[in-house]
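What follows is a short report on a single structure.
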Amino acid sequence: MSSARDINAGVPIAHRRVSISTQNLSTSPTATFQSPPASFGTGLQPRRSVPKVLKPFNTQDIKILLLENVNQTGRDILTGQGYQVEALKTSLPEDQLIEKIRDVHVIGIRSKTKLSERVLSEAKNLIVIGCFCIGTNQVDLNYAARRGIAVFNSPFANSRSVAELVIAEIITLARQLGDRSLEMHRGTWNKVSAKCWEVRGKTLGIVGYGHIGSQLSVLAEALGMNVIYYDVVTLMALGTARQVPTLDNLLEEADFVTLHVPDLPETRNMISTAQLNRMKEGSYLINASRGTVVDIPALIVAMRSGNIAGAALDVYPNEPAGNGDYFTNNLNQWGEDLRSLSNLILTPHIGGSTEEAQSAIGVEVADALVRYINLGITLGSVNLPEVQLRSLTMDEPDHARIIYIHRNVPGVLRKVNEILGDHNVDKQLSDSRGDLAYLMADISNVRYEQIKDIADSLDGLSSCIMTRVLY
Ligand SMILES: NC(=O)c1ccc[n+]([C@@H]2O[C@H](COP(=O)([O-])OP(=O)(O)OC[C@H]3O[C@@H](n4cnc5c(N)ncnc54)[C@H](O)[C@@H]3O)[C@@H](O)[C@H]2O)c1
Ligand SMILES: O=C(O)CC[C@@H](O)C(=O)O
């Protein structure tokens with residue numbers, strides 16, 4: 001049980017005013033966070049009350065560690081709030097990560113930093129994790145939820161960048177452009193047309209028709225390709241694309257197979273020897289999803305046999321913490337075998353690495369972090385119930401916002417309301433997700449000195465996971 005607050009710090013309660021005309025609660029990647037309007041979610045006409053800017057404690061006490069070169073847009077938003085931000089370009093080895101995470105309230109990562117139970121169990125002050133990317137498989141989401149640590153990501157701000165990369169790879173593989181370019185770099189003129197193809201009229205098989213897969217479908221049809229897709233759920237086809245019932249159906253029909261599924265137990269080695277043998281002779285494989293999805297030694301065998309005419313890999317089972325050596329170190333045993341293959345495009349996990357995507361992700365995730373830190377709003381969280389309460393206003397000076405994250409067991413609300421009962425509970429919202437529940441309550445007529453008693457009493461309940469008080 002932990003309590004993320006420091007109400008004894010004796011910090012004066014400062015209110016910053018924000019202009020109503022700039023208020024915005026959009027989750028658009030390009031919108032910058034402002035406190036929500038006082039009328040948000042009430043269905044009433046907007047009042048001219050100025051929202052009160054809540055804070056957990058002196059915002060200068062909020063310590064944030066950003067790893068893996070989070071975009072400047074995100075850093076600017078967080079430093080603009082007055083938080084203490086340390087930003088590093090790479091991820092950290094586990095021992096250094098544990099050392100640093102002990103001290104911070106917020107951590108921002110991308111795909112390389114593994115926030116396992118072991119690491120998170122050391123993070124005594126942590127209240128929220130920002131994944132500045134789509135994937136959240138690098139975080140133990142269940143353990144984080146059990147500790148009351150919220151996790152946010154950016155679900156689609158880099159989808160277009162990945163889809164464009166895959167389009168480039170389809171043509172590059174069909175025309176063997178990687179090999180021709182490499183030969184020219186080495187001084188060899190090798191003008192060939194054998195086994196070089198147009199993509200027009202060929203069939204693209206998309207495995208996983210989510211944000212990226214469906215975007216890719218539209219782009220591929222514009223190139224004159226036929227699109228089929230396989231997904232575990234039935235999804236509306238875009239354009240003239242067609243869903244096929246099984247993965248085998250897709251593998252048997254497609255000239256190009258491209259993978260866009262998340263890292264799940266069911267997707268690990270989803271493409272291995274049996275699946276590669278099902279693919280058409282002379283077909284191509286592209287993986288820009290997660291490195292665990294393709295059995296790389298099996299791919300090496302299939303490419304050597306000539307059954308697979310080319311492949312593009314952007315992701316690998318083990319990826320390095322930062323830029324530098326890759327195949328020359330011990331991360332992967334098959335590195336040399338892979339490098340020796342023709343018509344194989346190898347890229348260092350850059351599917352989402354464009355200026356547009358990184359800048360949008362920086363804004364979107366930093367905004368979500370600020371909303372959570374300052375207001376307790378969990379909209380968009382991937383592991384906590386989504387709860388949002390409209391802002392307090394400057395007309396309501398003796399208010400505090402109580403956030404109580406607790407085990408989802410009977411009788412909690414009664415006990416919480418007994419504790420809050422001496423004050424007027426102006427509004428209260430609660431929602432649950434599995435074993436966990438998230439309660440927000442705005443109470444009035446509460447003096448600064450009384451807040452500590454309330455927080456201590458809530459912390460003392462057997463259901464308590466975390467208590468936060470914003471005022
Ligand atoms: N290379 C990169 O830089 C990069 C960038 C962004 C995302 N990604 C990765 O791409 C993947 C897809 O991202 P997205 O945003 O399109 O995800 P998404 O959640 O929008 O779509 C994934 C789709 O896969 C389907 N799916 C899940 N399990 C499946 C299975 N066993 N078989 C078939 N379909 C299955 C889901 O139903 C869903 O429609 C993720 O792993 C993500 O982390 C990589
Ligand atoms: O930027 C990254 O490190 C991850 C990119 C991508 O795999 C994602 O999950 O969004």
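The values are calculated or read from the model by the stated rules, or taken from the named source; none is laboratory data. The model shown is predicted, which means the values in this text are computed figures rather than measured ones. Virtual Cβ from ideal backbone geometry, glycine too; neighbours counted across all protein chains shown. Just the protein is used for accessible areas: all its heavy atoms, side chains included, with ligands, DNA and RNA removed. Shrake-Rupley method; radii C 1.70, N 1.55, O 1.52, S 1.80 Å.
Considering only the range 204-224, state which residues are β-branched (Val, Ile, Thr) and in a loop (DSSP other than H, G, I, E, B).
Selection gives nothing.
Looking at Glu164, Glu183, Glu221, Glu169 in this structure, which one is over 15 Å from the mean Cα position of the chain (by Cα), open to solvent by 30 Å² or more (accessible area, probe 1.4 Å) and within 16 Å of ligand 2 (Cβ to nearest atom)?
Glu164
Suppose we filter the range 405-414 for residues that are within 35 Å of the chain's Cα centre (by Cα) and either closer than 15 Å to Ser444 by Cβ or open to solvent by 60 Å² or more (accessible area, probe 1.4 Å) (or both); how many remain?
Of the residues in that region, 5 qualify.
Could you identify the single residue in Gly310, Gly291 that is out of contact with any Pro (no Cβ under 9 Å at 6 or more places or on another chain) and assigned by the TED database to the domain that holds Leu173?
Going through Gly310, Gly291 in turn, the sole match is Gly310.
Restricted to the range 312-332, and to residues that are within 13 Å of ligand 1 (Cβ to nearest atom) and of a type in the set (Asp, Glu), which residue is farthest from Ile300 (Cα to Cα)?
Glu319
Is it the case that the range 385-404 has a residue that's touching a strand residue (DSSP E or B) at 6+ places or on another chain (Cβ under 9 Å) and closer than 25 Å to Pro262 by Cα?
Yes, that holds for at least one residue.
Collect the residues in the range 371-380 that are crowded, with 17+ Cβ neighbours inside 10 Å, more than 16 Å from ligand 1 (Cβ to nearest atom), closer than 21 Å to Ile134 by Cβ and not β-branched (Val, Ile, Thr), keeping them in residue-number order.
Result: Arg371, Tyr372.
Exactly one condition in (1) in a loop (DSSP other than H, G, I, E, B); (2) open to solvent by less than 60 Å² (accessible area, probe 1.4 Å) is not met by Asn330; state its number.
So Asn330 meets the others, but not (2).
Only residues in the range 222-235 that are within 14 Å of His260 (Cα to Cα) count as the first member; pair them with residues that are of a type in the set (Val, Ile, Thr) and open to solvent by 30 Å² or more (accessible area, probe 1.4 Å), Cβ under 7 angstrom, at least 6 apart or cross-chain, and list the lot.
Pairs that qualify, where the first residue is within 14 Å of His260 (Cα to Cα) and the partner is of a type in the set (Val, Ile, Thr) and open to solvent by 30 Å² or more (accessible area, probe 1.4 Å), are Tyr230/Thr246.
Taking the range 333-370 as the region of interest, how many residues are within 30 Å of Ile296 (Cβ to Cβ), in contact (Cβ under 8 Å) with a residue 40 or more places away in the chain, open to solvent by less than 40 Å² (accessible area, probe 1.4 Å) and among the hydrophobic types (A, V, I, L, M, F, W, C)?
So the answer is 6.
Among the residues of the range 129-160 satisfying the criterion of being in contact (Cβ under 8 Å) with a residue 40 or more places away in the chain and of a type in the set (Phe, Trp, Tyr), which is surrounded by the fewest Cβ atoms within 10 Å (Cβ to Cβ)?
That would be Phe156.
Give the range 114-156 a look and list any residue that's within 12 Å of ligand 1 (Cβ to nearest atom) and among the polar types (S, T, N, Q), or say none.
Thr136, Asn137, Gln138, Asn153, Ser154
Can you name every residue in the range 381-398 that is open to solvent by less than 20 Å² (accessible area, probe 1.4 Å), at pLDDT below 95 and assigned to a loop (DSSP other than H, G, I, E, B)?
Hits for the range 381-398 are Leu389, Ser391, Leu392.
If you scan the range 433-461, which residues turn out to be under 32 Å from the mean Cα position of the chain (by Cα), of a type in the set (Gly, Ala, Ser) and either more than 12 Å from Val412 (Cα to Cα) or not in a strand (DSSP E or B) (or both)?
Gly434, Ala441, Ala455
Can you report the number of residues in the range 333-370 which are under 21 Å from Ile171 (Cβ atoms) and more than 16 Å from ligand 1 (Cβ to nearest atom)?
Residues that pass the stated criteria total 4.
From Val301, Val192, Val227, grab the single residue that is farther than 30 Å from Gln333 by Cα, away from ligand 1 (no atom under 12 Å from the Cβ) and either in a helix (DSSP H, G or I) or open to solvent by less than 10 Å² (accessible area, probe 1.4 Å) (or both).
Answer to the selection: Val227.
Find the residue count for the range 304-325, including only residues that are more than 15 Å from ligand 2 (Cβ to nearest atom) and open to solvent by 10 Å² or more (accessible area, probe 1.4 Å).
Qualifying residue count, the range 304-325: 7.
For the range 230-241, enumerate the residues that are open to solvent by less than 50 Å² (accessible area, probe 1.4 Å) and more than 9 Å from ligand 1 (Cβ to nearest atom).
Result: Ala237, Ala241.
How do the pairs read when you match residues in the range 406-433 that are touching a residue at least 60 places away in the same chain (Cβ under 8 Å) with residues anywhere that are part of a helix (DSSP H, G or I) and open to solvent by less than 60 Å² (accessible area, probe 1.4 Å), using Cβ under 8 Å and keeping only pairs 6 or more apart or on different chains?
Final answer for the pair search is Arg433/Ala145.
Search the range 242-274 for residues being assigned to a loop (DSSP other than H, G, I, E, B), open to solvent by 10 Å² or more (accessible area, probe 1.4 Å) and more than 12 Å from ligand 1 (Cβ to nearest atom), and hand back the single one that is nearest to Tyr209 (Cα to Cα).
Asp255
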